[in-house]
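Chemist: Here it is, the structure, as structure tokens.
The values are calculated or read from the model by the stated rules, or taken from the named source; none is laboratory data. None of the values given here were measured: they were computed from a predicted structure. Cβ coordinates were reconstructed from backbone atoms using ideal geometry, including for glycine residues, and neighbour counts include every protein chain displayed.
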Amino acid sequence: MQRLKIEDLQRIKEKHRAEFTLREGGYRAKVTVHMGTCGIAAGARTVMTTLIDEIAKAGLEDVIITTSGCAGLCAREPMATVEIMGHPPVKYCDLNSEKIKEIFKDHVIDGKPVEKYALVVGSETTY
Amino acid sequence: MEKFRAEVMLCSGTGCVASGTMKIKTALDEELKKRELEGEIKVVLTGCNGYCAQGPVMSVYPDEIFYQALTVNEIPKLVEEHFLKGRPYQKLMFKEPEEKLAIPSMRDIPFFKYQVLRVLRNKGLIDPERIEEYIARDGYQGAAKALIEMTSEEIIKVVRDSGLRGRGGAGFPTGLKWEFASKVQSDMKYMLCNGDEGDPGAFMDRSLMEADPHAVIEGMIIGAKAIGAHQGYIYVRAEYPLAVKRLQIAIDQCYDAGILGKNILDSGFAFDLEIYQGAGAFVCGEETALMRSIEGKRGMPRPRPPFPAQKGLWDKPSVLNNVETLAQVSLIILNGSNWYRSLGTEKSPGTKVFALTGVINNIGLIEVPMGIPLKTIIYDIGGGMKKGRKFKAVQMGGPSGGCLPEGLLDLSVTYEDIVKSGAIMGSGGMVVMDDNNCMVSTAKFFLDFSADESCGKCTPCRVGTKILLDILTDITEGRGKERDIETLMDLSNDIISSSLCGLGQTAPNPVLTTIKYFRDEYEAHIKEKWCVAGVCRDLCTFLIDEELCNGCGACLRACPAKAIIGEKKKPHRIIQDLCVQCRTCYETCRFSSIEILSAKARETNRVESVSAER
Ligand SMILES: Cc1cc2nc3c(=O)[nH]c(=O)nc-3n(C[C@H](O)[C@H](O)[C@H](O)COP(=O)(O)O)c2cc1C
Ligand code: SF4
Ligand code: SF4
Ligand code: FES
Ligand code: FES
């Protein structure tokens, strides 16, 4: 990476904001697997690899998968968040590779959240 | 109380904040002021409404009108139409989607509803191994502002005015600490971060370093500028490999991007940062011991003064701050001290992160505004006690803290109120216990830890904690004596007043609080040889109440000592000579037929003809 100046911060911010809002990023969906120490201990890595396999199999290019830290509810790990463009994020908990396959098919591909595995819809209060 | 004509509930969920809630709030406040409506219309920030993709969203009460996709430019129009002319501003009105999901939204789930994320603002949102994602969420904007637009005095003033207090346990005002160090002249100064987190049960700092390492680094850069340091260390325990790895990646990225090293962001300011991996002794979390440890010596506290602000690492002026303290500094620089004070109380502003564990339904890492009652944390966020369990105490502050009883659940979580109760805020461990916990044993557990971790330098701490532990062991094993409680209290107070460092000064807290709030339990142990919780094996008898027992046989199958006899559907009995007091039967019985009596009851409740009944 080149050395940054203050203007660059703004530029990077604008550019990568797109990935967060999806709107301008050209992506249709984003899946975040929560990989803190407790998530990993609970099996987040298996969930992640399953997901990567599924995406490769389906040959999708408009879906990004990313990892992030602890989602805060250690007892319900592994957790993942699915966000489809134009819809609020849905958090899933107590995942395993079977469940994530189902979520991938119904929610990521067909756009229908899997209610039975979902914990909550929306995002946290920040202020 | 002021009466408002209408309330505007502006969403401050992560989604809406990312699409501009804060700018909308400023625009709204200004517009309402301009139209002299600020006394009539109240703007309140709320949690996520579940419409993040249409954000920022807001609803107006009592009209129950919902607006979406707000922009700063539309605000004057909206205020004019809705609040002056009294008709909804059609253009931004939101139509409810046809099919509603059956999945609850964050506002409907108490675990999320009562939390407000500042420190954990990027929790679960960014990839901690990519600096771009941190920057995308306003990362390094605070550092840029501090380095380029502000003087060291200005930085210190904002942090002082914000009232930020150190989250490492003692709650010392951060701005003041920085001011002391900034005033000392020296060729070399150090900015340090404490990521040792040695108290059992705590994992806040680990989580934060793993999930958002750049937030910690940014706080350190700002602190370094404030005090005039050009070298820094992050002290992390080696048992936190993922935290170490992610911090190292973050530091490397910063060097690449010109955010660490020489001439940061073209500001002319230089700051170098390294990780130091600690070996894991609890006492190394204490500031003077931590500095000795970085110097490569044995981590032992030394007397203060001189304070580290004068003579710290390698005898140079140094500031040490906790991970959570540092992670909020950039927010204060960006948003100002008044913003910071908008949550929390006068003396304890802002939010606090807690690691919530124990016999409650929602175990996890939470962040709440200070001043929130303990009750809300345990029963709403924590989801209450696990099924069928009864609340007994909440342990706060780990080995330096204390156990608070049910009667104190209305206590609000602030530094002052918690200290008054005899516990301490500590770094944020919170363990909820039920009536299966023996309070004497709990005190013993923590004393065992402290006696073990005492560095041995002070006699009162080294020997005193050992004597406390011995007395507690005697009490739990049936050798308790008449005046033991008084001895424990006197000795505790001696240790507190004559120990050098925080370890000794706080180690007796678990003993003192359990005596203060659960004295009857100590007395039952000592006088009646009775541990009511059935934890201390020498002080209890398990007995089946034959009136209540329906002979289901569950306990008989569960008992590892095969000490239970009885025929199906007839009352069962425990052969006291075989019983090893493991509690298994007690926890197995679904009909509450098993009682816990004092040790003496074993004699009077012998089951005689063992062979005959088998
Ligand atoms: C025995 C002992 C252990 C400590 N462990 C830690 C720790 O793990 N993390 C921490 O931040 N502070 C710890 N402290 C407090 C530090 O000495 C120091 O006050 C703190 O790091 C200062 O940061 P703050 O002002 O941001 O809270 C400990 C103190 C004592 C006496
Ligand atoms: S306490 Fe343990 S050993 Fe004693 S009767 Fe119950 S299950 Fe058996
Ligand atoms: S589990 Fe309870 S009810 Fe069942 S046999 Fe044992 S004491 Fe009786
Ligand atoms: S580390 Fe994942 S929820 Fe705590
Ligand atoms: S963040 Fe505002 S609706 Fe979700």
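Chemist: Would you tally the residues in region B:116-154 being assigned to a helix (DSSP H, G or I) and either more than 7 Å from chain A (Cβ to nearest Cβ) or within 25 Å of residue B:356 (Cβ to Cβ) (or both)? Before the answer, list the steps.
Modeler: Quick first cut of region B:116-154, residues assigned to a helix (DSSP H, G or I) only: B:131-136, B:141-149, B:152-154.
So of that shortlist, the ones also either more than 7 Å from chain A (Cβ to nearest Cβ) or within 25 Å of residue B:356 (Cβ to Cβ) (or both) come out as B:131, B:134, B:142-143, B:145-147, B:149, B:152-154.
Qualifying residue count, region B:116-154: 11.
Chemist: Are any residues in region B:267-307 under 30 Å from residue B:145 (Cβ atoms) and aromatic (Phe, Trp, Tyr), and if so, which ones?
Modeler: Those that are under 30 Å from residue B:145 (Cβ atoms) and aromatic (Phe, Trp, Tyr): B:269, B:271, B:276, B:307.
Chemist: Of the residues that make up region B:583-598, is at least one hydroxyl-bearing (Ser, Thr, Tyr), away from ligand 1 (no atom under 16 Å from the Cβ) and exposed (fewer than 15 other Cβ atoms within 10 Å of the Cβ)?
Modeler: At the first step, the residues of region B:583-598 found to be hydroxyl-bearing (Ser, Thr, Tyr) are B:584, B:586, B:588, B:592-593, B:598.
Retained after the next criterion (residues that are away from ligand 1 (no atom under 16 Å from the Cβ)): B:584, B:586, B:588, B:592-593, B:598.
Then keep just the ones that are exposed (fewer than 15 other Cβ atoms within 10 Å of the Cβ); that gives B:592.
Yes, there is a match, as at least one residue in region B:583-598 is hydroxyl-bearing (Ser, Thr, Tyr), away from ligand 1 (no atom under 16 Å from the Cβ) and exposed (fewer than 15 other Cβ atoms within 10 Å of the Cβ).
Chemist: If I filter region B:207-254 down to residues being facing chain A (nearest Cβ under 10 Å) and in contact with a strand residue (DSSP E or B) (Cβ under 8 Å, 6 or more places away or on another chain), which single residue comes out as farthest from residue B:267 (Cα to Cα)?
Modeler: Taking region B:207-254 first, the residues facing chain A (nearest Cβ under 10 Å) are B:207-213, B:240-243, B:246, B:253-254.
Now narrow it down to the ones that are in contact with a strand residue (DSSP E or B) (Cβ under 8 Å, 6 or more places away or on another chain): B:207-209, B:211, B:240, B:243, B:254.
Numbers: B:207: 31, B:208: 28, B:209: 26, B:211: 28, B:240: 34, B:243: 29, B:254: 15 Å.
Of everything passing the filter in region B:207-254, B:240 is farthest from residue B:267 (Cα to Cα).
Chemist: Would you check which residues across region B:496-524 are over 19 Å from residue B:396 (Cα atoms), surrounded by 19 or more Cβ atoms within 10 Å (Cβ to Cβ) and at pLDDT below 95 and list them?
Modeler: Selection gives B:499, B:500, B:501.
Chemist: Report every pair of residues separated by at least 6 positions or lying on different chains whose Cβ atoms are under 6 Å apart, first residue within region B:285-304 and in the same structural domain as residue B:170 (by TED's automatic domain parsing), second aromatic (Phe, Trp, Tyr).
Modeler: That search, which allows pairs on different chains as well, returns B:290/B:235; B:294/B:233; B:294/B:276.
Chemist: Oh, and also: Quick check, is residue A:61 at pLDDT 95 or above, more than 12 Å from every other protein chain (Cβ to nearest Cβ) and surrounded by fewer than 18 Cβ atoms within 10 Å (Cβ to Cβ)?
Modeler: Details: at pLDDT 95 or above: no; more than 12 Å from every other protein chain (Cβ to nearest Cβ): yes; surrounded by fewer than 18 Cβ atoms within 10 Å (Cβ to Cβ): yes.
Spelling it out, it is not the case that residue A:61 is at pLDDT 95 or above, more than 12 Å from every other protein chain (Cβ to nearest Cβ) and surrounded by fewer than 18 Cβ atoms within 10 Å (Cβ to Cβ).
Chemist: Quick one: count up the residues across region B:157-201 that are within 19 Å of residue B:312 (Cβ to Cβ) and within 16 Å of ligand 4 (Cβ to nearest atom).
Modeler: 1
Chemist: Within region B:467-495, how many residues are assigned to a helix (DSSP H, G or I), surrounded by 15 or more Cβ atoms within 10 Å (Cβ to Cβ) and not β-branched (Val, Ile, Thr)?
Modeler: Matching residues across region B:467-495 total 9.
Chemist: Tell me which strands (runs of 3 or more DSSP E) are completely within region B:318-387 and hold 1 or more residues being farther than 30 Å from residue A:94 by Cβ, or say none if there are none.
Modeler: Values: elements: B:318-322, B:351-358, B:364-369.
Counting at least 1 such residues, we get B:318-322.
Chemist: Which residue is farthest from residue A:101 (Cα to Cα), if the candidates are limited to region A:24-37 and must be facing another protein chain (nearest Cβ under 8 Å) and modelled with pLDDT under 85? Reasoning before the result, please.
Modeler: Filtering region A:24-37 for residues facing another protein chain (nearest Cβ under 8 Å) gives A:32, A:34, A:36-37.
Remaining after also requiring modelled with pLDDT under 85: A:36-37.
Numbers: A:36: 21, A:37: 23 Å.
Across region A:24-37, the extreme among qualifying residues is A:37.
Chemist: Separate question: Mind listing just one residue for me: the one in region B:256-292 that is assigned to a helix (DSSP H, G or I) and over 32 Å from the mean Cα position of the chain (by Cα) and, of those, surrounded by the most Cβ atoms within 10 Å (Cβ to Cβ)? Spell out how you get there, then give the answer.
Modeler: Within region B:256-292, the first condition is being assigned to a helix (DSSP H, G or I), and the residues that meet it are B:256-257, B:264-266, B:282-285, B:287-292.
Next, only the ones that are over 32 Å from the mean Cα position of the chain (by Cα) stay: B:256-257, B:264-266.
Details: B:256: 15, B:257: 22, B:264: 25, B:265: 22, B:266: 16.
If we take residues in region B:256-292 being assigned to a helix (DSSP H, G or I) and over 32 Å from the mean Cα position of the chain (by Cα), then B:264 is surrounded by the most Cβ atoms within 10 Å (Cβ to Cβ).
Chemist: Related question: Filter region B:56-86 down to the residues that are of a type in the set (D, E, K, R) and assigned to a helix (DSSP H, G or I), then identify the one that is nearest to residue B:38 (Cα to Cα). Steps first, answer last, please.
Modeler: Step one: of region B:56-86, the residues of a type in the set (D, E, K, R) are B:63-64, B:74, B:77, B:80-81, B:85.
Next, from what is left, pick out any that are assigned to a helix (DSSP H, G or I): B:74, B:77, B:80-81.
Working: B:74: 18, B:77: 16, B:80: 13, B:81: 16 Å.
Among them, the one singled out is B:80.
Chemist: On to the next question. Scan B:38, B:7, B:30 and give me the residue that is more than 14 Å from chain A (Cβ to nearest Cβ) and either of a type in the set (Ser, Thr, Tyr) or in contact with a Leu (Cβ under 6 Å, 6 or more places away or on another chain) (or both).
Modeler: Numbers: B:7 fails: either of a type in the set (Ser, Thr, Tyr) or in contact with a Leu (Cβ under 6 Å, 6 or more places away or on another chain) (or both); B:30 fails: either of a type in the set (Ser, Thr, Tyr) or in contact with a Leu (Cβ under 6 Å, 6 or more places away or on another chain) (or both).
The match here is B:38.
Residues are listed down the side, and each one gets a yes or a no for (1) small (Gly, Ala, Ser); (2) under 19 Å from residue B:112 (Cα atoms):
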| position | (1), (2) |
| --- | --- |
| B:348 | yes, no |
| B:357 | no, yes |
| B:360 | no, yes |
| B:370 | no, yes |
| B:394 | no, no |
| B:402 | yes, no |
| B:415 | no, no |
| B:420 | no, no |
| B:453 | no, no |
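Chemist: If you check B:15, B:50, B:86, which single one turns out to be within 11 Å of chain A (Cβ to nearest Cβ), at positive phi and modelled with pLDDT under 90?
Modeler: Values: B:15 fails: at positive phi; B:86 fails: within 11 Å of chain A (Cβ to nearest Cβ).
Of B:15, B:50, B:86, the one residue that is within 11 Å of chain A (Cβ to nearest Cβ), at positive phi and modelled with pLDDT under 90 is B:50.
Chemist: Out of region B:182-203, which residues are buried (at least 20 other Cβ atoms within 10 Å of the Cβ) and not in a loop (DSSP other than H, G, I, E, B)?
Modeler: B:182, B:190, B:191, B:192, B:193, B:194, B:195
Okay, residues lined up against (1) among the hydroxyl-bearing types (Ser, Thr, Tyr); (2) within 30 Å of residue B:505 (Cβ to Cβ); (3) touching a residue at least 12 places away in the same chain (Cβ under 8 Å); (4) touching a Ser or Thr at 6+ places or on another chain (Cβ under 9 Å):
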position: B:212; (1), (2), (3), (4): no, no, yes, no
position: B:238; (1), (2), (3), (4): no, yes, yes, no
position: B:242; (1), (2), (3), (4): no, no, yes, yes
position: B:248; (1), (2), (3), (4): no, no, yes, no
position: B:259; (1), (2), (3), (4): no, no, yes, no
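Chemist: Right, another one. Out of B:157, B:91, which single residue is modelled with pLDDT of 90 or more, more than 8 Å from chain A (Cβ to nearest Cβ) and farther than 21 Å from residue A:67 by Cβ?
Modeler: Answer to the check: B:157.
Chemist: From the list B:565, B:544, B:594, which one is over 22 Å from residue B:437 (Cα atoms) and either away from chain A (no Cβ under 14 Å) or within 16 Å of ligand 4 (Cβ to nearest atom) (or both)? Talk me through it step by step, then tell me what you get.
Modeler: Details: B:544 fails: over 22 Å from residue B:437 (Cα atoms); B:594 fails: over 22 Å from residue B:437 (Cα atoms).
Answer to the check: B:565.
Chemist: Among (1) under 27 Å from residue B:369 (Cα atoms); (2) more than 14 Å from chain A (Cβ to nearest Cβ), which single condition is residue B:113 missing?
Modeler: Failing condition for residue B:113: (2).
Chemist: Please work out which residue is nearest to the other protein chains (Cβ to nearest Cβ), limiting yourself to region A:85-100 and to residues that are surrounded by fewer than 21 Cβ atoms within 10 Å (Cβ to Cβ) and within 14 Å of the chain's Cα centre (by Cα).
Modeler: Restricting attention to region A:85-100, the residues satisfying the condition of being surrounded by fewer than 21 Cβ atoms within 10 Å (Cβ to Cβ) are A:85-86, A:93-94, A:96-99.
Next cut, within 14 Å of the chain's Cα centre (by Cα) only: A:85, A:93.
Values: A:85: 7, A:93: 11 Å.
Here the answer is A:85.
Chemist: In addition: Taking only region B:422-440 into account, find how many residues are surrounded by fewer than 19 Cβ atoms within 10 Å (Cβ to Cβ) and of a type in the set (Gly, Ala, Ser).
Modeler: The qualifying residues number 0.
Chemist: Can you say whether residue B:424 is assigned to a helix (DSSP H, G or I) and within 27 Å of residue B:359 (Cβ to Cβ), as far as the supplied structure shows?
Modeler: Details: assigned to a helix (DSSP H, G or I): no; within 27 Å of residue B:359 (Cβ to Cβ): yes.
No; evaluated as a whole, the condition is false for this residue.
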